[in-house]
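Accompanying notes for the structure given below.
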Amino acid sequence: VAVEARPRGLDPEQLRAHVAYLADDAQEGRAPGSPGDERAGAFVADAMAAAGLLPAGPDGFRQPFSVQDGVRLRPGAQSRLAVGDAELAHELLPFGRDTSPGGPVPGRLVFVGHGIAGSDDLARARGRLRGNIAVALAGGPHGSDVPASALRPQAKLIAVRDHGAVGLVLWDPVDDRPPPNSGRVDDLAIPAVFVGRAATPGLLEALAPGAKSIESLRPGRRSRERAQLHTPVEPVVLATANVLGRVPGRGGTTQQVIVGAHLDHLGRGRPGSLAPDEDAVHNGADDNASGVATMLGIAAAWAERPVAERGRDLLFVAFGAEEMGLLGSRHFVERLPAEERARTVAMINLDMVGRLRDELMVHGTGTAKEWPDLIAAVADPSLRLALVPDGYGPSDHASFYEAGIPVLHLWTGAHEDYHRPGDDVDKLDFGGAARIGDLVLGLLERLQPPELALTYVELERPPATRSGFRVSLGTMPDYGASVDGLRLAGVAKGGAAEKAGLRKGDVVVRIDAREIHNLQDYMAAFGDLLPGKPAVVVVMRDERRVELSVVPTAPRPH
Ligand SMILES: [Zn+2]
């Protein structure tokens with residue numbers, strides 16, 4: 001009976017073999033740009049070729065792309081934080097200026113407390129900041145309700161820069177761990193370094209000779225001696241790739257369905273690890289070797305079908321750099337030619353499908369009118385489904401949904417090994433993963449009739465939690481864009497931005513008096529806005545400057 005119930009099903013042992021390779025310690029956690037990441041990509045390409053898929057990337061099965069991953073010193077260069085003759089140990093931050101063209105920045109050190117925009121501490125220090133180097137404590141005062149957005153190091157840099165500071169020293173007297181030097185690099189126009197506990201006595205002595213404790217420091221305190229800050233840095237650029245294979249539909253097929261799963265994971269615990277103090281390989285067996293293995297099983301099963309049954313092209317994609325912010329899927333969608341996008345009926349994402357317990361979560365069921373009926377038609381009675389309408393989740397399907405494509409995301413839920421070194425192959429349920437693969441095969445079958453159309457439904461984006469902003473504009477920043485300004489990936493229906501006439505693709509270059517060069521400037525501008533008070537927003541649209549008046553609203557409660 002079991003055999004009849006699954007005539008063309010996935011083979012759990014095959015899935016286990018795939019995961020065993022991808023989540024082996026030898027792959028070192030598949031961090032983007034690492035040798036393990038490259039081996040995993042080659043493994044997927046080989047498996048696709050063996051299953052009879054056609055290469056669908058610009059470079060065989062590969063679609064190479066690069067991502068920024070923090071900063072490092074330029075070759076042969078040394079960074080420097082010195083006060084008088086004293087050299088202070090420090091760490092680099094991925095949002096300061098490269099000072100190698102002009103050389104070290106001179107100035108006195110000025111203590112600004114926590115350096116929070118609009119705070120009394122900053123007001124007290126303000127008069128002494130011009131031409132000097134601000135020293136700001138990390139975090140916020142105990143028990144204060146300052147929003148997290150204002151406590152970010154980047155927000156502090158912008159706050160002191162607004163008052164003429166020429167550099168920033170971020171200071172944590174009790175911890176030697178700097179903010180992560182990883183991911184996208186912003187040049188916020190003045191150099192910045194981190195000083196931790198180890199160099200705290202030296203920094204305290206420089207600011208207030210003889211002082212016994214930080215508590216005695218008052219905002220506005222200035223070093224007697226001149227300081228020098230030098231950060232000759234460059235972005236670290238990692239090369240990685242998406243891996244793409246196609247199973248063509250029968251002749252005359254004009255539409256395609258995409259099935260995807262991200263291939264990368266956290267290496268030895270990149271930022272994103274929930275066990276930051278453990279130096280151990282994060283194998284990511286469930287997250288997301290399970291999804292890649294299941295996708296490969298689906299691809300192999302699909303490629304075996306008679307071509308007459310294949311009414312649509314199927315594109316299978318293993319995405320890179322998902323854990324760094326959906327970078328592979330964003331790259332893929334950005335490069336998707338308009339006619340390819342137009343012929344894409346749906347995208348199905350498999351991210352963490354290896355730990356089936358009570359039920360399978362299916363997100364995105366509200367993104368096309370037809371999803372609920374299609375899913376009901378293929379449901380396996382022994383597989384309980386939890387349907388969630390939302391299509392904006394923290395995984396690759398969101399990149400497609402934002403581009404107007406109906407999506408589904410299948411996953412078996414969070415667990416205690418999530419983003420920890422314990423996410424290993426021996427904890428996975430391959431029988432469960434195979435059943436999930438079978439369910440997807442059933443769905444793909446239902447999606448084959450060329451006359452079947454899916455109707456995209458635009459859902460309201462859930463409000464960002466804990467952003468702490470007083471206002472909402474209803475804009476969606478395009479985190480992947482490299483432009484001078486902030487490009488909008490979209491505007492929320494009925495939001496302040498849409499009402500003011502802002503559009504997807506606009507590049508915001510000014511809000512009121514503030515120039516916008518990047519996301520950090522944009523967030524700082526947010527901090528200046530008040531609900532109901534109109535703001536002038538200047539955008540570049542098709543090389544023209546367009547000035548609009550936006551009335552920010554209060555954020556919706558959630
Ligand atoms: Zn994942």
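The values are calculated or read from the model by the stated rules, or taken from the named source; none is laboratory data. Please read these numbers as outputs of a predicted model, since none were measured by experiment. Ideal geometry is used to build each Cβ from the backbone, glycine not excepted, and the neighbour counts take in all protein chains shown. These area figures cover heavy atoms from the full protein model, side chains too; ligands, DNA and RNA do not enter into them. Shrake-Rupley method; radii C 1.70, N 1.55, O 1.52, S 1.80 Å.
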Relative contact order (%) - the chain, alpha-carbon pairs under 8 angstrom, separation at least six: 16
Nonlocal amide H pairs with Asn518, under 5 Å, H built at 1.01 Å: Gly485
Semi-axes of the equivalent ellipsoid for the range 334-392, Cα gyration tensor, largest first, Å: 26, 14, 10
Bins of 5 Å from zero: percent of alpha-carbon pairs in the range 394-457: 4, 12, 16, 18, 21, 13, 9, 5, 2, 0
The range 400-504, accessible surface, carbon-and-sulfur percent (1.4 angstrom probe): 51
Per-residue ³J(HN,Hα) for the range 145-156, Karplus 6.51 cos²θ - 1.76 cosθ + 1.60, θ = phi - 60°, Hz, x for Gly and Pro: 10, 5, x, 4, 4, 7, 8, 5, x, 5, 5, 5
Residues whose placed amide H lies under 5 Å from that of His114, excluding near-sequence neighbours: Leu137
The range 62-213, accessible surface, carbon-and-sulfur percent (1.4 angstrom probe): 50
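Counting only helical runs of four or more DSSP H residues, what would the 222 nm mean residue ellipticity of the chain come to if each run contributes -39,500 (n - 2.57) and the total is spread over all its residues?
On the way: 15 runs with 132 residues, N = 558.
Counting only the DSSP helices, I get -6500 deg cm²/dmol.
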Two-site label geometry, Asp176 and Ala189: point separation in nm, points 7 Å out along Cα→Cβ: 3.6
Contact order normalised by residue count of the range 493-548, Cα under 8 Å, 6+ apart, percent: 36
Under 12 Å from the Leu54 label point (7 Å along Cα→beta-carbon), backbone N, the range 298-324: 313-315
For the range 266-298 versus the range 329-396, the gap between their alpha-carbon centres in whole angstrom: 21
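What is the extension gain from Glu547 to Ala20, computed as 0.36 nm multiplied by their sequence separation minus the C-alpha to C-alpha distance, in nm to one decimal?
Numbers: separation 527, 0.36 × 527 = 189.72 nm, distance 5.58 nm.
Full-extension gain reported as 184.1 nm.
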Exposure ranking of Ser482, Ser223, Ser472 by accessible area [1.4 Å probe, largest first]: Ser482, Ser472, Ser223
Trp411 accessible area, 1.4 Å probe, all protein chains in place, Å² to nearest 10: 60
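Quick one: of the DSSP bridges fully inside the chain, what percent are antiparallel, nearest 5?
Details: 54 of 88 bridges.
Counting DSSP beta bridges with both partners in the chain, the antiparallel share is about 60 percent.
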Ala239-Lys499 pseudo-label distance in nm [points 7 Å out on the Cα-to-Cβ vector]: 5.0
Unsatisfied cross-links (Cα-Cα over 24 Å) in the set Lys369/Lys493; Lys493/Lys533; Lys156/Lys499: Lys156/Lys499
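Would you mind getting me the FRET efficiency between Asp373 and Glu304? Use the beta-carbon distance for r and R0 = 25 Å, nearest 0.05. Intermediate values should be presented prior to the final figure.
Working: r = 27 Å, r/R0 = 1.09.
Calculated transfer efficiency: 0.35.
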Nearest 10 degrees, 0 to 90: helix 519-528 Cα axis against the chain principal axis: 60
Computed accessible area, Ile298, all protein chains, 1.4 angstrom probe, square angstrom: 0
Residues of the range 271-355: accessible area per residue with a 1.4 Å probe, Å²: 30
Convex hull projection area averaged over all views, the range 58-175, Cα basis, nm²: 11.3
Whole-number percent relative contact order across the range 197-285, with pairs defined as alpha carbons under 8 Å at least 6 apart: 15
Long-range HN-HN contacts of Arg226 with modeled amide H, under 5 Å: Gly84
Size of the range 40-105 as Cα extents on the principal axes (Å, biggest first): 68, 22, 20
The range 173-278: proportion of alpha-carbon pairs further apart than 22 angstrom, %: 62
Carbon plus sulfur fraction of accessible area for the range 321-365, probe 1.4 Å, in percent: 47
Electrostatic dipole magnitude of the range 287-432 [Cβ: Lys, Arg +1; Asp, Glu -1; Cα centre; debye, to 20]: 420
Listed residues Val247, Val259, Ala300: farthest to the positive end of the dipole of the chain (Cβ charges): Val259
Principal axes of the chain: Cα extent on each, largest first, Å: 83, 52, 42
Rounded to whole Hz, the Karplus (6.51, -1.76, 1.60) HN-Hα couplings of the range 75-88, x for glycine and proline: x, x, 8, 10, 8, 8, 10, 10, 10, x, 8, 7, 9, 10
Inter-label distance, nm, simple model (7 Å from Cα along the C-beta direction), Glu458/Leu383: 3.3
3J(HN,Hα) from dihedral phi, the range 120-126, Karplus parametrisation 6.51/-1.76/1.60, rounded to Hz, x for glycine, proline: 5, 3, 5, 4, 5, 8, 3
